[in-house]
Amino acid sequence: MAFVRAMVSAYGARGMDPAQALASAQIPPEEVRKADTRITAAQMEAVSDAAMRELDDEALGCFTRPLPWGSYGMLARASLSAPTLGMALRRWCRHHGLLTDDVALSLETAGERARIVMRPHRHPGPLAEFCVVSVLRNVHGLASWYVDSRIPLQGARFPYAPPVHVDAYRVLFDGPTAFEADDAAIEFDARYLALPVRRDETAMNQMLQRALPLTVRSYRRDRLLVQRVRQALASQPLDTHNADDLAALLNVSARTLHRQLKDEGASLQALKDEVRRQRATELLLRTRRPIKQVAQASGFQNEKSFIRAFRGWTGRSPGEWRGEQVA
């Protein structure tokens, strides 16, 4: 409800009555003042849509000057011709600065991580939290839509103290969150930047007819789940023995993990075999570690299961295979 109060304050700053917008979302005015009240995603979409139209401001009072209806659609369309997500996001951040100079947005990379950083040039006062959350959720949702893939966040940081409704941030931003930071940012796997923009003008026109769900709701489909599973299996073999542990590590349910892998033409067992076999053969060739240690380092719980799996892959025991390669 804190975000609804922010919208109501935008109405107050312009001497306007928010009653009709609240009614369209079935939010009783007396509920707005209650700090512990929650609203549904559908209510958030409804009240946001009504407020943007009535105020003619898609930023809902966050910036010094209003962003007229269609501003964010124009930004999205201007980046549609970019060949990759990385270029699309750089364009979006640059063009956002043409709409308002109250904040500066940038796409930055460091190693395997990419981050969208939001730095204020002017403090938005009581709307600070609403402004940060709205803009970061907007660009995150649009990025996911461009490549038709959920982009899991590896972290988020915010330049203010944890609010009383801090538990809601687990829904708004997956991954660890930090407060009282120097700036606002969301972080994700930099490999998503290389994905091609998959949308066209027809898809853009359809999306803009109902764009708010991209900001309010989390995108579900993930086109890089296979790569994320491979990376987790390779980097954390001791923490990924079963689907439940792996799913928890990737911030999805075990059911979702299996379903999305199937959609991408893969299976968890096949990926396990692929990663474990590669790791095991490298260790057998390049080190003199005992078979028991190779089994553990490859993600097996015991030597017996490793030998059985290795025979299935090669027709040889690990010791026999190593001896043949050395010879």
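The values are calculated or read from the model by the stated rules, or taken from the named source; none is laboratory data. Computed from a predicted structure; not experimentally measured. Here the Cβ is made from the backbone with ideal geometry for all residues, glycine too, and neighbour counts use every protein chain on show.
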On the given criteria, is residue 198 in contact with an Asp or Glu (Cβ under 8 Å, 6 or more places away or on another chain), surrounded by fewer than 16 Cβ atoms within 10 Å (Cβ to Cβ) and at pLDDT below 90? yes
Of all residues in segment 37-72, which are closer than 19 Å to residue 207 by Cα and in contact with a Ser or Thr (Cβ under 6 Å, 6 or more places away or on another chain)? 46, 50, 58
Segment 35-51, residues that are among the aliphatic types (A, V, I, L, M) and surrounded by fewer than 17 Cβ atoms within 10 Å (Cβ to Cβ): 35, 41, 42
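From the residues in segment 283-321 that are of a type in the set (Ser, Thr, Tyr) and farther than 19 Å from residue 272 by Cβ, which one is modelled with the highest pLDDT? Quick ask: steps written out before the conclusion?
Narrowing segment 283-321 to residues of a type in the set (Ser, Thr, Tyr): 287, 298, 305, 314, 317.
Adding the requirement that they be farther than 19 Å from residue 272 by Cβ leaves 287, 317.
On the way: 287: 89, 317: 93.
Across segment 283-321, the extreme among qualifying residues is 317.
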Under the condition of being among the hydroxyl-bearing types (Ser, Thr, Tyr) and part of a helix (DSSP H, G or I), which residue from segment 247-306 is nearest to residue 189 (Cα to Cα)? 256
Expected output for segment 179-190 (first residue under 16 Å from residue 139 (Cα atoms), partner modelled with pLDDT of 95 or more and surrounded by fewer than 18 Cβ atoms within 10 Å (Cβ to Cβ), Cβ below 7 Å, 6+ apart or cross-chain) is 190/109
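Within segment 10-23, how many residues are surrounded by fewer than 16 Cβ atoms within 10 Å (Cβ to Cβ) and assigned to a helix (DSSP H, G or I)?
5
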Confirm whether residue 60 is of a type outside the set (S, T, N, Q) and at positive phi. yes
